[in-house]
């Protein structure tokens, strides 16, 4: 189907997609060098300093640590875990482009609805339930509940709240002649029976429904709440969609699509526990609030939020359950080097209840007073420990030092120095003793990491191909082709792909020469990115070479100190690189010739003519694969 869609359509989609805008939905980007590139925290590995770059003019991205790279199609494939075809369709819809008719949704080997079909079904369900809440007489109890919770009509519309009637088979009845049971099941609206025969409804009947959207505002799942006074026997108060191809609960956060811009601007995110808490915050004008989806804060949530370099304030009830949940979050995520704060809402209230009785400014005052994670942790430990005894104070110290040692980002900072000094003062321990124990704990961790790093470095060394000088020459020739694409015509007269030994370099050279020889196109960043077919490794290499060419000022090297020989049109810099590579070719061919002569001497001792012919064919083939014979001297 990719071929059916055509390269022209693919390139139209690419040209209508702003990679910066696309990536910014997931990563907070900062412009650099006048907007020639944008930097942010990498979404593909735990990143502490911005190592991820987006290049608008090249329409590519690359992480300089984990080497993940690609274009707009690769980005959607990696972030949403979809096929290339689904990424192409998704970006086309995003650009409001009509899909070619031949891009049929039925694909060879496909056994069920694809991602876009599932999104269509979920969107239909969201619109249906929202309309039911607003107009159906059966939803009167749900509307009264929302009035009691002081939700405004505009808020109900903004969050597209819905209602599922008491009829458990309502979805299947409404979907008749529109969607199949298989499509409803793929969208998480019904589920296949354990026996495998037929489908059964989910526990959505008579619930207030909260549509859950992804970062791009597309509805992907639902949450449901039993209404007060309804039949709750054997039913949980809350219900959430199961995970599906479009919904990953452990990473997604409710209302993030509405909060992203405020989070990016204020560099702060409030994480509350429930849908109503989150909605109440937004209605009050606190638009940096999000909620987890029936789970505690996960590592995936934290990794996602770190890309926005925002302070994270966890908002919990002040009851015992809320305090325990807060401490679990601190212990789990202090190692993420995150500015984590904890807010316990006074009087055991949740944020929604508090905002019914207090103003936005009063709530924000509480946020400003939220304890730093270390302070909350220390107070929690002291509250359950007898600090009047030496053993108790030692226990507090040990737990706090382990807590600090697990946060590498604190090491050597003024913040760590102040925390450690305060902890030692409170437990009445000499500061030097505390520092030595912390150093010992950190030393143990460094030793473990060092062992892992040595193993990785040895492995990388074993995988290196070619001598450093020749590897450098291969890179410099590719830098020339990318910086001065018109030099490809001269290059292909002397060099072929088999003259390169490093596999990735050879693959990129094949693309460069192929574009020129087969399509008459120069190997620019744009044409090569398109030809790379979203290959992450090749696109990362292109970005790497373009940046190193800029640092080396390859364009200047190609124009200065050129040959004065009237018979030579070749820049001296290009000639120097070609001579290095041709010298390697001559050496390799010389080794083949030596082997041929050695075998020829053995001919009288039994070497048959067939073997000699094979050796001659090998030498000829090797010459042909290496490009044309060169007249360079």
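The values are calculated or read from the model by the stated rules, or taken from the named source; none is laboratory data. No experiment lies behind these values; they were computed from the predicted model shown. All Cβ positions, glycine included, derive from the backbone under ideal geometry; neighbour counts span all protein chains shown.
Quick check on this structure: which one of 196, 217 is over 18 Å from residue 246 (Cβ atoms) and surrounded by fewer than 21 Cβ atoms within 10 Å (Cβ to Cβ)?
Values: 217 fails: over 18 Å from residue 246 (Cβ atoms).
Just a single option satisfies the conditions, and that option is 196.
Can you name the strands (runs of 3 or more DSSP E) wholly within the stretch 1-96 that have at least 3 residues being crowded, with 20+ Cβ neighbours inside 10 Å, touching a residue at least 12 places away in the same chain (Cβ under 8 Å) and outside the structural domain of residue 523 (by TED's automatic domain parsing)? Write out each step before concluding.
Details: elements: 30-32, 37-40, 52-55, 60-63.
Answer list for the stretch 1-96: 37-40, 52-55, 60-63.
Within the stretch 457-475, is there a residue that is part of a loop (DSSP other than H, G, I, E, B), at pLDDT 85 or above, surrounded by 17 or more Cβ atoms within 10 Å (Cβ to Cβ) and in the same structural domain as residue 552 (by TED's automatic domain parsing)? Can you show your working first?
So in the stretch 457-475, the residues part of a loop (DSSP other than H, G, I, E, B) come out as 463-467.
Filter again for at pLDDT 85 or above, leaving none.
Scanning the stretch 457-475, I find no residue that is part of a loop (DSSP other than H, G, I, E, B), at pLDDT 85 or above, surrounded by 17 or more Cβ atoms within 10 Å (Cβ to Cβ) and in the same structural domain as residue 552 (by TED's automatic domain parsing), so the answer is no.
Out of the stretch 340-375, which residues are under 23 Å from residue 423 (Cα atoms) and more than 31 Å from the chain's Cα centre (by Cα)?
Taking the stretch 340-375 first, the residues under 23 Å from residue 423 (Cα atoms) are 340-344, 368-375.
Scanning the stretch 340-375 gives 344, 369, 375.
Answer yes or no as to whether residue 303 is surrounded by 19 or more Cβ atoms within 10 Å (Cβ to Cβ), modelled with pLDDT under 90 and within 22 Å of residue 215 (Cβ to Cβ). It would help to see each step written out before you state the result.
Numbers: surrounded by 19 or more Cβ atoms within 10 Å (Cβ to Cβ): yes; modelled with pLDDT under 90: yes; within 22 Å of residue 215 (Cβ to Cβ): yes.
Judged against the criteria, residue 303 is a match.
Please verify whether residue 294 is more than 18 Å from residue 369 (Cβ to Cβ) and in contact with a strand residue (DSSP E or B) (Cβ under 6 Å, 6 or more places away or on another chain), treating the condition exactly as stated. Give the steps one after another, and end with the answer.
Details: more than 18 Å from residue 369 (Cβ to Cβ): yes; in contact with a strand residue (DSSP E or B) (Cβ under 6 Å, 6 or more places away or on another chain): yes.
Yes, satisfied.
Please list, ordered by first then second residue, the pairs with beta carbon atoms under 7 Å, 6 or more apart or interchain, first in the stretch 192-210 and without any contact (Cβ under 8 Å) to a residue 12 or more places away in the chain, second surrounded by 10 or more Cβ atoms within 10 Å (Cβ to Cβ) and not in a loop (DSSP other than H, G, I, E, B).
192/185; 192/199; 193/199; 193/200; 200/190; 200/191
Run residue 277 past the list (1) outside any strand (DSSP E or B); (2) modelled with pLDDT of 80 or more; (3) within 20 Å of residue 29 (Cα to Cα); (4) in contact with a strand residue (DSSP E or B) (Cβ under 7 Å, 6 or more places away or on another chain) and report the number of the one that doesn't hold.
Going through the list (1) outside any strand (DSSP E or B); (2) modelled with pLDDT of 80 or more; (3) within 20 Å of residue 29 (Cα to Cα); (4) in contact with a strand residue (DSSP E or B) (Cβ under 7 Å, 6 or more places away or on another chain), residue 277 breaks only (3).
Which members of the stretch 111-164 meet the condition of being outside any helix (DSSP H, G or I) and either in contact with a strand residue (DSSP E or B) (Cβ under 6 Å, 6 or more places away or on another chain) or buried (at least 17 other Cβ atoms within 10 Å of the Cβ) (or both)? Steps first, answer last, please.
From the stretch 111-164, those outside any helix (DSSP H, G or I) are 111-114, 136, 149-152, 159-164; that's our starting set.
Once the filter is applied, which keeps residues that are outside any helix (DSSP H, G or I) and either in contact with a strand residue (DSSP E or B) (Cβ under 6 Å, 6 or more places away or on another chain) or buried (at least 17 other Cβ atoms within 10 Å of the Cβ) (or both), the stretch 111-164 yields 113, 114, 151, 159, 160, 161, 162, 163, 164.
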